[in-house]
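Every number here is computed from the coordinates shown, using simple stated rules; none is lab data. Every value quoted in this text rests on a predicted model; they were computed, and no experiment measured them. Cβ coordinates were reconstructed from backbone atoms using ideal geometry, including for glycine residues, and neighbour counts include every protein chain displayed.
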Amino acid sequence: MGSSPDESMMNSGDFGTLEDENDREEFINKLLTLPSRNDWNFPEPLYQYQGFWNFSPYIIGLMLAQKRFQAQPNDIILCSHPKTGPTWLKALAFANVTRSQYDDSTSPLLTKSPHDVVPFIELDAAQGVDNRDLKVPLAATHGPFNSLPTSFRTLGCKIVYICRDPKDAFMSLWHFMTKQIWFPLLSITFEDAFEMFCEGVLVHGPYWEHVLEYWRASLESPEMVLFFKYEDLKTNTSFHVKRLADFMGFAFTPEEEKQGAVDKIIELCSLETLSSLEVNRNGKQRENSMFECRNGLFFRKGKVGDWKSAMTPEMGARLDRIVELKLSGSGLTLSAN
Ligand code: A3P
């Protein structure tokens, strides 16, 4: 039985005020039946919902999305575990699907964060579809495949998933966490956080289960689920940007390719371009909620193998072994180096 969730945290999300009191009561009651753990020494525990750990505001947001989010038939949903590259994926997907409306000098990506041009269903679901720009058929989630709102599946919406070497994902997550306004509330060291990652008890964890759900779905239904690795996108960006465009139904014409449309999108969405923009230097996400953060935090090094800057070779080898074992028989490998 879970311990009681902290009331101030449960109200701290940006998913609306849960005006529907019946939903609110139903979700809280459900939450209280979930397994919980507080190894992170946070004011409230992590709860395990549908196989994955998270804080109550996120889980309630996901429950709300599962109950209320109504997908459109042409929606494309961009899915990821945090810190595996969704900022880049959102920018690339948005630039792709809007390229007949905007070019690299008029794109909303010049004045808005990639996170502000694609709705995040767990945190925006309370607003329903009415507030969405339906000309942009994109939505995003950190939710696991088996927890997606059923309308995505019944409508056969396309899904794009991005993942990354777990060692780099952990490093990126650690840097991101330490810059959060709530981080001082945690009493956890880098080594302890690594232990929790290896155990799978972290926000959206276990990481490998998240990846596996989408991997299996991509094998079963390749026409529905496109599976990316961040490292592949870095190594052969042009090939994968075209692959993304083809899959989404926005293939580049030979004429567009000749005129450099692919390269322009790559340049607009590069770490260098996006991180230098005013909105991404000084703008903020979800102010006055526990999800508040500076847009700049989404852009750091973007380096494959950055785990070596803080993890020992032993830590890296240990995490590799754990993940290898978890993925064995799946045909998937995640260790990039
Ligand atoms: P690092 O922390 O390793 O630098 P997320 O999108 O899940 O928040 O992931 C953030 C990671 O993607 C960060 O990795 C960040 O630097 C990198 N990233 C963000 N925007 C990028 C872009 N346009 N191109 C390549 N990498 C990007």
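Here are the numbers for the structure shown:
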quantity	calculated
Kirkwood hydrodynamic radius over Cα pairs of segment 169-285, then Stokes diffusion coefficient at 25 °C and 0.890 mPa s, in µm²/s	140 µm²/s
Residue among I265, V203, S80 farthest towards the positive dipole end of the chain, charges placed on Cβ	I265
Footprinting exposure proxy for V279, V118, V323 (fewest neighbouring C-beta atoms within 10 Å first)	V279, V323, V118
Computed helical MRE - 222 nm, the chain, DSSP H runs ≥ 4 contributing -39500 (n - 2.57), nearest 500	-12000 deg cm²/dmol
Candidate lysines - alpha carbon under 17 Å from K264, same-chain residues fewer than 8 apart omitted	K90, K234, K242
Net charge contributed by nearby residues that have their C-beta within less than 9 Å of C293 (K/R +1, D/E -1)	+3
Sequence-separation-based contact order of the chain, relative, with Cα cut under 8 Å and 6+ spacing, percent	22 percent
Between segment 177-244 and segment 312-334, the alpha-carbon center distance in angstrom	14 Å
In sequence order, calculated HN-Hα J values of segment 328-337 (Karplus, 6.51, -1.76, 1.60; Hz; x Gly/Pro)	4, x, 8, x, 10, 10, 10, 6, 8, 5
Built amide H within the under 5 Å cut-off of I76, gap 5+	L138, A139
Choice from S309, S289, S113 showing the highest fluctuation, given a GNM over the chain with Cα pairs closer than 10 Å	S309
Segment 191-234 - convex hull of the alpha-carbon atoms, volume per residue in Å³	86 Å³
Cα-centre dipole for the chain with unit charges at Cβ (Lys and Arg positive, Asp and Glu negative), debye to 20	680 debye
Relative contact order [Cα under 8 Å, 6+ residues apart], segment 219-288, whole percent	20 percent
Qualifying lysines (Cα of each under 26 Å from Cα of K30; at least 8 residues distant if same chain)	K67
Burial ordering of L327, L92, fewest other beta-carbon atoms within 10 Å first	L327, L92
Residues V211, V201, V160, V97 arranged by fewest to most Cβ contacts within 10 Å	V201, V97, V160, V211
Sequence-distant aspartates and glutamates (8 or more away, or on other chains) whose Cα lies within less than 18 Å of K258	D103, D104, D246, E267
Alpha carbon convex hull of segment 69-327, projected area averaged over orientations, nm²	13.9 nm²
